[in-house]
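A short worksheet on the structure shown next.
The values are calculated or read from the model by the stated rules, or taken from the named source; none is laboratory data. All figures in this text were calculated on a predicted structure; none of them were measured in a lab. So basically every Cβ, Gly included, is an ideal-geometry build from the backbone, and we count neighbours across all protein chains shown.
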Amino acid sequence: MLDLADVDLLLVPAIACDVRGYRLGYGGGFYDRLLSSPAWARKPAIGIVFEFARLPSVPIDPWDRPLKGICTEAGLFLSEELTEKA
């Protein structure tokens, strides 16, 4: 069993992500549920996608939570929302 205190960062797989940090997943809702839970919501989450899948926007639903950034083979891109808060 994983101890939540040992987790510093979540790397989240995705089909695509947009510049705001929203992601298209694989349809199971696992990460949507995980990132919505109070215990895990405080952990930073980074989407992992290929550069061609880093898009200006993706469709979002009310339960979607933005990630803190996106990592591609071209680099790490923090979401605009996170950049505005800094």
In the range 48-67, anything under 11 Å from Asp18 (Cα atoms) and assigned to a loop (DSSP other than H, G, I, E, B) is listed as Val49, Pro56, Ser57, Val58, Pro59, Ile60, Pro66, Leu67
Within the range 24-39, residues under 12 Å from the mean Cα position of the chain (by Cα) and in a helix (DSSP H, G or I) come out as Tyr31, Asp32, Leu34, Leu35, Ser36
task = For the range 17-35, state whether one or more residues are closer than 14 Å to Lys68 by Cα, of a type outside the set (D, E, K, R), modelled with pLDDT of 85 or more and surrounded by fewer than 16 Cβ atoms within 10 Å (Cβ to Cβ).
result = no
Taking the range 21-45 and keeping only residues that are touching a Leu at 6+ places or on another chain (Cβ under 9 Å) and basic (Lys, Arg), one is left with Arg23, Lys43
Quick count over the range 39-83, residues being touching a residue at least 60 places away in the same chain (Cβ under 8 Å) and crowded, with 17+ Cβ neighbours inside 10 Å, is 2
Restricting the range 36-86 to residues that are among the charged types (D, E, K, R) and closer than 23 Å to Asp6 by Cα, the one modelled with the highest pLDDT turns out to be Lys68
